Amino acid sequence: MTSKIALITGANKGIGYETARQLGSQDMTVLVGARDIERGREAEQALRDDGADARFVHLDVTDAKSIQQAAEWIEAEYGRLDVLVNNAGTASVARRGYPPSQTSLEDMRAVYEINVFGVVAVTNAMLPLLRRAPAARIVNVSSEVGSITAQSDPAHPLRQMPASVQYPSSKAALNMITAMYAKELRDTPVKVNAANPGFTATDFNDHRGFRPAAEGAEPSVYLATLPDDGPTGIHWGYIWTAGGTGGYGVIPW
Ligand SMILES: NC(=O)c1ccc[n+]([C@@H]2O[C@H](COP(=O)([O-])OP(=O)(O)OC[C@H]3O[C@@H](n4cnc5c(N)ncnc54)[C@H](OP(=O)(O)O)[C@@H]3O)[C@@H](O)[C@H]2O)c1
C-alpha cells in the first residue's frame, strides 16, 4: 500500500488549506477539494511548492453532480480513500449577523445546504471508498458554538457572543450527524469524529479569531490520524475557557 489518501473539502483557504498542508507534511496524498477551479488550482500549486503531494479536486458540496464526479475520479485514481475531512462551511451566506427572531429562511437553508446536507452528501458518496481503506477516518469540522451545553452555560465565554440561529444550529445538527455515523460504523475500522478548531483567524470571521489557521487545523489533523484504539463519536478540539487558558479536550455535546 502506498501513502494514505486524504480528501479535504473547502481546502483552498483557511483551516482547510492548513489541514491539507499538515496532512501533506505527514506524507499523505492530499486531495484539495474546492468549488472554484482557479482557487483550487492555486491552492494545489502552493501546497506542491511546499512539498506536499497535493491534487486539486473540483468539489462543490451543494452540487450532487460535482460530488459524484469527485468520487468517481478518486475511485479511478486511487481506488480508496483513507481520510475524509468535511471542512467546507459558512456562518452566513448573506454575510451578516442577526438574531434568531430576524433570521431569513433563505440564509438558514443556504447555510444548512453547505454545513449539514453537504456533509451527508459527500460522506455518503465517499463511504464506499472509505470502507475499502484499512482504517479510514472521517472528520466533521464542527464548532463549540454548536454545543448546547456550552451555549446554555451562563459562565461560558460564548455568552458574550450575540445569539444567532443558522450557524450554531447547523453545527449542533452536524454533531448529531457525527454521532449517528459513528453509531452505524461502530463495528468497522472507520472512526467518525467532530473537530472544534477554536476561534480561528480566517476569512470566515474577517480574521477576528485569536488562533492562527495552523492551530485551527490541529484538531482536524489529530482526528484524521487517530490510532486504531482512538475514540469514535466524540467532539474534540480547542476548549474555550473563561480564564482564557484554553487547551484541547472533548467538547460537551
Ligand atoms: N474560523 C473559525 O473561527 C471557525 C471556528 C469553528 C469552526 N470553524 C469551521 O471550520 C471550517 C473552515 O472554516 P474557515 O474558518 O477556514 O473558513 P473560510 O476561510 O471561510 O473557508 C471556508 C472554506 O469552505 C469553502 N466552501 C464554502 N462553501 C462551499 C461549497 N458549497 N462547496 C465547497 N466548498 C465550500 C470555501 O470555499 P470558497 O473559497 O470558494 O468560498 C472555503 O474554502 C468551517 O466548517 C467552519 O464552520 C471555523
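Cβ separations smaller than 6 Å between residues 6+ apart or across chains give the following pairs from the range 100-116 residues that are of a type in the set (Ser, Thr, Tyr) to residues that are not in a helix (DSSP H, G or I): THR103/VAL165. For the range 158-172, what are the residues that are open to solvent by 20 Å² or more (accessible area, probe 1.4 Å) and aliphatic (A, V, I, L, M)? Selection gives MET161, ALA163, VAL165, ALA172. For the range 200-214, the set of residues classified as open to solvent by 50 Å² or more (accessible area, probe 1.4 Å) and in a loop (DSSP other than H, G, I, E, B) consists of ASP206, HIS207, ARG208, PHE210, PRO212, listed by residue number.
Looking across the range 22-40, the residues that are surrounded by fewer than 24 Cβ atoms within 10 Å (Cβ to Cβ) and farther than 19 Å from ILE67 by Cβ come down to GLN22, GLY24, SER25, GLN26, ASP27, MET28, THR29, GLU38. So how many residues does the range 69-94 have that are within 14 Å of the ligand (Cβ to nearest atom), part of a helix (DSSP H, G or I) and in contact (Cβ under 8 Å) with a residue 12 or more places away in the chain? So the answer is 1. Criterion first (of a type outside the set (Lys, Arg) and within 14 Å of the ligand (Cβ to nearest atom)) does ALA20 satisfy it? When the stated conditions are applied, ALA20 passes them.
Which residues, taken from the range 1-44, are in contact (Cβ under 8 Å) with a residue 24 or more places away in the chain, part of a helix (DSSP H, G or I) and of a type outside the set (Gly, Ala, Ser)? Of everything in the range 1-44, those that are in contact (Cβ under 8 Å) with a residue 24 or more places away in the chain, part of a helix (DSSP H, G or I) and of a type outside the set (Gly, Ala, Ser) turn out to be ILE15, TYR17, GLU18, THR19, ARG21, GLN22, LEU23, ARG39, GLU42.
Residue-by-condition table, conditions (1) crowded, with 23+ Cβ neighbours inside 10 Å; (2) out of contact with any Leu (no Cβ under 8 Å at 6 or more places or on another chain):
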| position | (1), (2) |
| --- | --- |
| GLY146 | yes, no |
| THR149 | no, yes |
| HIS156 | no, yes |
| VAL192 | yes, no |
| ALA195 | yes, no |
| GLY216 | yes, yes |
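Considering the conditions (1) touching a strand residue (DSSP E or B) at 6+ places or on another chain (Cβ under 9 Å); (2) open to solvent by 60 Å² or more (accessible area, probe 1.4 Å); (3) over 21 Å from ASN12 (Cβ atoms); (4) among the hydrophobic types (A, V, I, L, M, F, W, C), LEU105 is excluded by exactly one of them, (1).
Would you say PRO219 is touching a strand residue (DSSP E or B) at 6+ places or on another chain (Cβ under 6 Å) and closer than 28 Å to SER25 by Cβ? Against the criterion (touching a strand residue (DSSP E or B) at 6+ places or on another chain (Cβ under 6 Å) and closer than 28 Å to SER25 by Cβ), PRO219 qualifies.
The values are calculated or read from the model by the stated rules, or taken from the named source; none is laboratory data. Bear in mind the structure is a predicted one, so any value in this text is a computation, not a measurement. Don't worry about glycine lacking a Cβ; one is built from the backbone with ideal geometry, like all the others, and counts go over all protein chains shown. Side chains included, ligands, DNA and RNA excluded: accessible areas come from the protein's heavy atoms. Shrake-Rupley method; radii C 1.70, N 1.55, O 1.52, S 1.80 Å.
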